[in-house]
1. Which numbered condition trips up GLU126, out of (1) touching a residue at least 40 places away in the same chain (Cβ under 8 Å); (2) assigned to a loop (DSSP other than H, G, I, E, B); (3) of a type outside the set (S, T, N, Q); (4) more than 15 Å from the ligand (Cβ to nearest atom)?
2. Just checking, how many residues over the range 144-185 are more than 12 Å from the chain's Cα centre (by Cα) and either at positive phi or among the polar types (S, T, N, Q) (or both)?
3. Please determine, by comparing only the residues of the range 137-149 that are hydrophobic (A, V, I, L, M, F, W, C) and within 18 Å of ALA184 (Cβ to Cβ), which one is surrounded by the fewest Cβ atoms within 10 Å (Cβ to Cβ).
4. Could you count how many residues in the range 76-104 are more than 15 Å from VAL30 (Cβ to Cβ), outside any loop (DSSP other than H, G, I, E, B) and not β-branched (Val, Ile, Thr)?
5. Which condition breaks for SER41 when tested against (1) surrounded by 15 or more Cβ atoms within 10 Å (Cβ to Cβ); (2) of a type in the set (Ser, Thr, Tyr); (3) assigned to a helix (DSSP H, G or I)?
Amino acid sequence: MKTALEQTRLLVPPSCRPTPALFLDRDGVVIEDCHHIDDPSLVRLCRGSRKLIASAKSYGWPVVIVTNQSGISRGLFQWKDFDTVNDRMQQLLGSDAPLAAIYANGYGPDAPAHSWRKPNPQMILEASKALNLDLQRSFLIGDRLSDLHAGASAGLFRLFHVLTGHGCRSRESVIAWHRMASQASACVEQSSPRLPALELLNTLEDFELALLKHANPA
Ligand SMILES: [Mg+2]
């Protein structure tokens, strides 16, 4: 059950059959991170985001935004402000780069245990139920470690870390986490969830090249 600090904007109906999806963090990945952005006039797309989302459309992958917005619980802005920023983002992306849904968590660090706040995977799991997604063939791109934690906990196919937003500051901890998690997963039973592979990107423009290194799961 959703709380007042959790919000969904569903933009398409569910797929007829389970479909791979592309999950994207918003701030620092799709739009530039302006630290608790609440003014639509400040919205700027990150390099490559429009083209990436248009490519996802051509592959038939729904694109789902999963974003932590602790500014809501901190009282820095309201959901209506968040919505106007999303409206502007969608306007800049245009009809060639459509989103399937936007999931947002408004809790801060004192969130209850099973809230939507990343690193919990709840937003991804909720989107999977609502849109009929195949998480084991899905991707996630994020700029923070908590994004990738959420994707790993949701059992996604592959995780991508970008250097935009907080990416430069988090790159080392992302690599260290994945190395340790890989070592740990090698020691546990095969019935445990598989750790998704990690790809390191500079910007979203590198995504398709990284994808070509592997067989397309779709
Ligand atoms: Mg971010």
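Values quoted throughout were computed directly from the atomic coordinates according to the rules given, and no laboratory measurement underlies them. The model shown is predicted, which means the values in this text are computed figures rather than measured ones. Positions of Cβ are generated from backbone atoms using ideal geometry, with glycine treated the same way; all protein chains shown enter the neighbour counts.
1. (2)
2. Residues in the range 144-185 being more than 12 Å from the chain's Cα centre (by Cα) and either at positive phi or among the polar types (S, T, N, Q) (or both): 9 in total.
3. LEU145
4. Selection size over the range 76-104: 4.
5. (1)
This table checks each residue for (1) over 26 Å from HIS35 (Cα atoms); (2) β-branched (Val, Ile, Thr); (3) part of a strand (DSSP E or B).
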position	(1), (2), (3)
ASP147	no, no, no
GLY151	no, no, no
LEU156	yes, no, no
PHE160	no, no, yes
LEU163	no, no, no
CYS168	no, no, no
GLU172	no, no, no
ALA176	no, no, no
SER185	yes, no, no
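Conditions tested, residue by residue: (1) crowded, with 21+ Cβ neighbours inside 10 Å; (2) in contact (Cβ under 8 Å) with a residue 24 or more places away in the chain; (3) within 16 Å of the ligand (Cβ to nearest atom); (4) among the aromatic types (Phe, Trp, Tyr).
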| site | (1), (2), (3), (4) |
| --- | --- |
| LEU10 | no, yes, no, no |
| ALA21 | yes, yes, no, no |
| LEU24 | yes, yes, yes, no |
| ASP33 | no, yes, yes, no |
